[in-house]
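Beneath this line is the structure, given in structure tokens, with notes to follow.
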Amino acid sequence: MSAASVAPKSVAPEGVEVVNFGCRLNLVEGEAMRRAAVAAGRRDLAIVNTCGVTGEAVRQARQAIRRLKREAPSRAIFVTGCAAEMEPAGFAAMPEVVGLVANGVKTARESWLGEREDSGLDSVFGRSPLEEGFEDHTRAFLAVQNGCDHRCTFCAIPLGRGVSRSAPLAEITAAAARLVARGFHEIVLTGVDLTSYGADLPDRPALGTLVRAILDSVPGLARLRLSSIDCIEADAELLAAFAGEERLMPYLHLSLQSGDDMILKRMKRRHARADAVALCDELRRRRPDMTFGADLIAGFPTETEEMAARTLGLVEDCGLTFLHVFPFSPRPGTPAAKMPPVASNLVKDRARRLREAGDAALRRHLRGRIGRTLVVLAERGGIGRAPDFTPVSIGRAPPGSFTKVAVAGHDGRKLFGKCLDDI
Ligand code: SF4
């Protein structure tokens, strides 16, 4: 699961404003929550959908609550999300806050019916998938799994989202078919710990089984993409799907966190450095155009210079292209918060070196695509995505359309070239 970013706020014409923080799953839930509140007849309401991954995310949520109150003093403000689950008293004590809504029931219409007092957080977590289309008929997110059974020492998410539970496979394929019928060309499967999909279901279908089921039962779907996965839990059927399914996009974002085995042990991660390298090599052997992104933490407690160097070396050894680098910040209530910290200047410096290595890897990746012709799915703002998630500048192609692009160059962040024709 990756750390906090402030997603654009969404305001319904009915005056229900949702401010989302954090991961894709929170973004998907935020949109479903806004629809649920509108359907429950709520008007003139603000909901802050918090993230609890970092102390910074919590600070930003508080800031947003105060800003919302200043902007509309008479509007009711409710708080939900992982940080509200982890620190309910802290948010409930804010004078600006009318009430808290449990993460597990926030997308249910019933949770927004009638006058709602602060009933505290009853963390019941549902099962059904959440389908939501976001980007201009371009890409839809399908949240198929929630919660987590692992206990990584730096992570508080299980405190905010409960145990892992999966949506039934048949409901997911039906939801995917509906999204394609609504005109979406790409579906992104998302969750908290996606690779644990199905472990709680009667037949224990693996993530690879789900991928195959969607591609087989929805022939009209042009592109299926996965959000972030745990490298050690990629199942055999998933690897086979990457090898044989053109419609499964050749891109994986890996939750690696470190490239040093001792640090991985202290993080309570389930993989070793060699497992990450082996997975990337194996997938590239089966699908030569595979591209990888990864989450990496800089400055985890007790990390020495040699250990940090092994993480830096992972960028090359795994052939990573898109890096999300997180300077370590302790989360209250996690074991890592009690471990001897690395000096903050070293944390910053190691994060800087990782980002620089990421930028250099991205430039190499972009350079390697000059002269190729790529099929790009257009998004808003003249940008589209190649199958391997590389951003491509595509001029005025309408969002949701496919365009062939002859790549002529790059600007260090994205490719550009000549649009040959719309497909
Ligand atoms: S796998 Fe680890 S990092 Fe990911 S949500 Fe679970 S506890 Fe957190």
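The values are calculated or read from the model by the stated rules, or taken from the named source; none is laboratory data. As the structure is a prediction and not an experimental result, all values here were calculated from the model. Reconstructed Cβ throughout: ideal geometry from the backbone, glycine too, with neighbour counts over all protein chains shown. Side chains are part of the model used for accessible areas, which takes the heavy atoms of the whole protein and leaves out ligands, DNA and RNA. Shrake-Rupley method; radii C 1.70, N 1.55, O 1.52, S 1.80 Å.
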Item to check | Segment Arg151-Arg66, length gained on full extension (0.36 nm per residue, minus Cα span) | outcome: 27.3 nm
Checklist entry - Per-residue ellipticity at 222 nm for the chain, helices alone: DSSP H runs ≥ 4 residues times -39500 (n - 2.57), over residue total, nearest 500 deg cm²/dmol? => result -10000 deg cm²/dmol
Checklist entry - So what are the ³J(HN,Hα) numbers for segment 87-98, from phi and the Karplus equation (6.51, -1.76, 1.60; θ = phi - 60°), rounded to whole Hz, Gly and Pro as x? => result 10, x, 4, x, 6, 4, 7, 6, x, 6, 8, 7
Checklist entry - What list of ³J(HN,Hα) values in whole Hz, one per residue of segment 375-384 in order, does the Karplus curve 6.51 cos²θ - 1.76 cosθ + 1.60 (θ = phi - 60°) give from phi, with Gly and Pro shown as x? => result 8, 10, 8, 6, 10, 6, x, x, 10, x
Next on the checklist: Per-residue counts of other Cβ atoms within 10 Å, averaged by peptide: what ranking do you get for 48-61, 166-179, highest first?
Outcome noted: 48-61, 166-179
Checklist entry - Considering amide H positions built from the backbone, and no H for Pro or chain starts, which residues 5 or more places from Ala76, or on another chain, come under 5 Å of its amide H? => result Ala46
Checklist entry - Around Gln257, which amide H atoms from residues at least 5 apart in sequence, or from another chain, sit under 5 Å from its own amide H, with H modelled in the peptide plane? => result Asp295, Leu296, Ile297
Item to check | Cysteines in the chain lacking a second Cys C-beta under 4.7 Å | outcome: Cys23, Cys51, Cys82, Cys148, Cys231, Cys419
Item to check | Estimated vicinal HN-Hα couplings, Hz - segment 139-152 in sequence order (Karplus 6.51, -1.76, 1.60; Gly, Pro = x) | outcome: 9, 10, 9, 10, 7, 10, 8, 9, x, 7, 9, 8, 9, 4
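Compute the Cα gyration tensor for segment 6-112, then decide on rounded, prolate or oblate, letting a ≥ b ≥ c be the square roots of its eigenvalues: rounded whenever a/c is under 1.5, prolate when a/b is larger than b/c in the other cases, and oblate in all that remain.
In terms of gyration-tensor shape, rounded.
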Item to check | Amide H contacts under 5 Å for Gly52, placed H, 5+ residues apart | outcome: Cys82, Ala83
Checklist outcome for this item: Whole-percent carbon and sulfur contribution to the accessible surface of the chain (1.4 Å, no ligands, DNA or RNA) stands at 55
Checklist outcome for this item: Mean accessible area per residue over the chain (1.4 angstrom probe, all protein chains present, square angstrom) is 40
